[in-house]
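The values are calculated or read from the model by the stated rules, or taken from the named source; none is laboratory data. Because the structure is predicted, anything quoted here is derived from the model rather than measured. Here the Cβ positions follow ideal geometry from the backbone for every residue, glycine too, while neighbour counts run over all protein chains shown. With ligands, DNA and RNA removed, areas are computed over all heavy atoms of the protein, side chains included. Shrake-Rupley method; radii C 1.70, N 1.55, O 1.52, S 1.80 Å.
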Amino acid sequence: MAPNPSTQVGTATLTYGDKSATLPVLAGTLGTDCVDVRKIQGDLNVFTFDPSYGATASCESAITYIDGDEGVLLHRGYPIDQLAEKSTFLEVAHLLLFGELPTAPQLEKFTSGVMRHTMLHEQIRRFWDGFRRDAHPMAMLCSVVGAMSAFYPDSINTHDERQREISAYRLIAKMPTITAWAHKYTTGQPFMYPRNDMGYAENFLYMFGAVPTEDYKPNPVLTRAMDRILILHADHEQNASTSTVRLAGSTGTNPFACIAAGIASLWGPAHGGANEAVLKMLGEIGSVKNIPSFIEQVKDKNSNVKLMGFGHRVYKNFDPRAKIMQKTCYEVLGELGIKDEPLLDLAIELEKIALNDEYFVKRKLYPNVDFYSGIILKAMGFPTSMFTPIFALARTVGWISQWKEMIEDPTNRIGRPRQIYTGAAARDYTPIDQRG
Ligand code: CMC
């Protein structure tokens, strides 16, 4: 489904030198209006300058809407709290990909379509032999997902709607297997093959936790929590990794290569790597009594220390996902009978102090989705290195939905930003014996 086109709601005039350009102002269904600057070079012979895209809409999209001031997140119009409470990950995946919540027969078809693609080609399994045992699982995810294009050449024709759909099914279905196997490789345990009779999150927990020598049935409360964590990470409009996927996809490269690029972009600690960084930070703080000195370091501009799990480019209010994460955190700890989790006590105290500290209040820095997710995942038995891969597994749905939307948008063309060149002006080559 191509995005609904925005509508022109006015014009803005930009004058530069002795020329003036009248630029259309476009509005979508919700959100800030945008000045359409596409003709600015032709009309005024200037470009716009917005290095980290803080003021730039890169596309039209009908998938996800964020109101950062109000702390609102909608997928295809549905609020995230309702989806997290009432829906399932595969329902949300259907919603993101196809635009609507599925009917019962549609959900059954979609679920069986996804669950029938969970196995990996046996040759892919051999990729793991090439990794060191201590390789970060995100490195494994990047490589194995990129390599999938060599195994499924039948589904890489981006111009064929059916092939695009099969690629989407394959990626959504195989990510849990790849993610669980990355963990198994690290621990030296045998890889567990997927179980198509299980639900999506249940199958992932099974492949992660089971060993061939024993029966293993994932705990239903933890399965529901896992499913909710996946929903909360499923999509987040034009963030760094999604924009990476779109930029890669704009060249016409295959979807597996695009998602591998997205995984690479997600890995950074400012983005998906923050959940791992939060746990590391809490471990380093160690105790509530060390919080004030840690906060002082965070506020010291020369220290380069950030309060991980706080702040967001778009949210200038509570990240709605963080609130649901906090609730899920209590449910998981309750189910596991963990009455005293020092990391949670530390996180709650840190949050309390930060929310009242002028530095954070002034900058509108609130907890984001990653602040509590690590504590839940740790309680569920995941090592910290698996936190970002689980984010990647969930976000694959958002990436592939955004990629599909972009490919189906007739106005799509290769993404190609411009620059302000600040290097040397043209000069002649100097022979080496004349260089000073
Ligand atoms: N701790 C301390 N100061 C901060 C933080 C933080 N976590 N985040 C922002 N600031 C300060 C920043 O130094 C700047 O201060 P000043 O105005 O004095 O220069 C001000 O707040 C505005 O921040 P910014 O750097 O312009 O914000 P940004 O939009 O460029 O960065 C961010 C957003 C998420 C990268 C940043 O807030 C950050 O690094 N947070 C910690 C990492 C994190 O939790 N990332 C997960 C984001 S949510 C999930 C995801 O996207 O994957």
(message) If you roll a 1.4 angstrom probe over the protein chains with everything in place, what fraction of the accessible area of the chain belongs to carbon and sulfur, to the nearest %?
(response) 52
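Dividing the convex hull volume of the Cα atoms of the range 6-85 by its residue count, what figure in Å³ per residue is obtained? Working shown, then result.
Numbers: hull volume 8.7 nm³, N = 80.
About 108 Å³ per residue, rounded to a whole number.
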(request) Express in whole angstrom the spacing between the alpha-carbon centres of the range 309-349 and the range 80-125. (result) 26
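Could you give the dipole magnitude of the chain about its Cα centre, charging the beta-carbon of Lys and Arg +1 and that of Asp and Glu -1, in debye to the nearest 20?
Charge dipole of the chain: 740 debye, to the nearest 20.
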(request) Enumerate the aspartates and glutamates that LYS19 could reach by cross-link, defined here as Cα to Cα under 12 Å, with residues fewer than 8 away along the same chain left out. (result) ASP43
(message) Taking 24 Å as the cut-off for C-alpha to C-alpha distance, list the pairs among LYS327/LYS362; LYS316/LYS378; LYS184/LYS217 that go past it.
(response) LYS327/LYS362; LYS316/LYS378
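Can you give the convex hull volume per residue for the Cα atoms of the range 44-85, as a whole number of Å³?
104
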(message) How large is the Kirkwood hydrodynamic radius of the range 236-348, counting all unique pairs of alpha carbons, in Å?
(response) 16.6
(message) Quick check: Cα centre of the range 393-434 to Cα centre of the range 202-234, how many Å?
(response) 39
(request) Give the Rg (one decimal place) followed by the Dmax (whole number) of the range 121-201, computed from C-alpha coordinates and expressed in Å. (result) 13.6, 41
(request) Only Cα pairs under 8 Å and at least 6 apart count here; give the relative contact order of the range 193-309 as a rounded whole percent. (result) 13
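Tell me which chymotrypsin sites (Phe, Trp or Tyr not before Pro) from the range 277-365 have a DSSP coil assignment and no more than 13 other beta carbons within 10 Å of their own.
Numbers: sites: PHE294, PHE310, TYR315, PHE318, TYR330, TYR359, PHE360; in loops: TYR315, PHE318.
Here no chymotrypsin sites (Phe, Trp or Tyr not before Pro) fit, given the DSSP loop and packing criteria.
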(message) I want the local charge near LEU44. Using Cβ-Cβ distances under 15 Å, sum +1 for each Lys or Arg and -1 for each Asp or Glu among the other residues.
(response) +1
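For the range 58-163, state which chymotrypsin sites (Phe, Trp or Tyr not before Pro) are in a DSSP loop and have at most 14 other beta carbons lying within 10 Å of their beta carbon. It would help to have the intermediate numbers written out before the result.
Values: sites: TYR65, PHE89, PHE98, PHE110, PHE127, TRP128, PHE131, PHE151; in loops: PHE131.
Qualifying residues, ordered by number: none.
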(message) Taking 2.2 N^0.38 Å as the expected size of a compact globular protein, what ratio does the Cα radius of gyration of the chain give against it, to two decimals?
(response) 1.06
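What is the sum of charges, Lys and Arg at +1 and Asp and Glu at -1, for the other residues whose Cβ falls under 10 Å from the Cβ of GLY199? Write down the numbers at each step before the final one.
Numbers: positive: ARG195, ARG224; negative: ASP197, GLU202, ASP227.
In short, -1.
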(request) For LYS301, list the aspartates and glutamates whose Cα falls under 12 Å from its own Cα; do not include residues on the same chain fewer than 8 positions away. (result) none
(request) Take every Cα pair under 8 Å in the chain that's 6+ residues apart, average their separations, divide by the length, and report that relative contact order as a whole percent. (result) 20
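On alpha-carbon atoms, Rg over Rh for the range 1-158 using Kirkwood Rh?
Numbers: Rg = 22.4 Å, Rh = 20.4 Å.
Rg/Rh: 1.10.
At 1.4 Å probe radius, can you tell me the per residue accessible area of the range 314-378 in Å²? Kindly include the intermediate steps, with their values, before the conclusion.
Values: 2920 Å² over 65 residues.
Per residue, the range 314-378 has an accessible area of 45 Å².
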(message) Give me the net charge for the shell around THR242: Cβ to Cβ below 13 angstrom, other residues only, Lys and Arg +1, Asp and Glu -1.
(response) +1
(request) Write out the GluC sites (Glu not before Pro) in the range 55-133 meeting two conditions: DSSP loop, and at most 15 other Cβ atoms within 10 Å of their Cβ. (result) GLU70, GLU100
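Sort TYR200, TYR366 from largest to smallest accessible area, using a 1.4 Å probe on the heavy atoms of the protein chains.
Details: TYR200 15, TYR366 70 Å².
Order by accessible area, largest first: TYR366, TYR200.
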(request) Sticking to Cα atoms, compute the Rg of the range 285-414 to one decimal and its Dmax as the biggest Cα-Cα distance, whole number, in Å. (result) 17.7, 58
(request) Could you pull out every whole DSSP H run in the chain that spans at least 20 Å of Cα extent along its own axis and averages 1.0 or higher on the Kyte-Doolittle scale? (result) 137-151
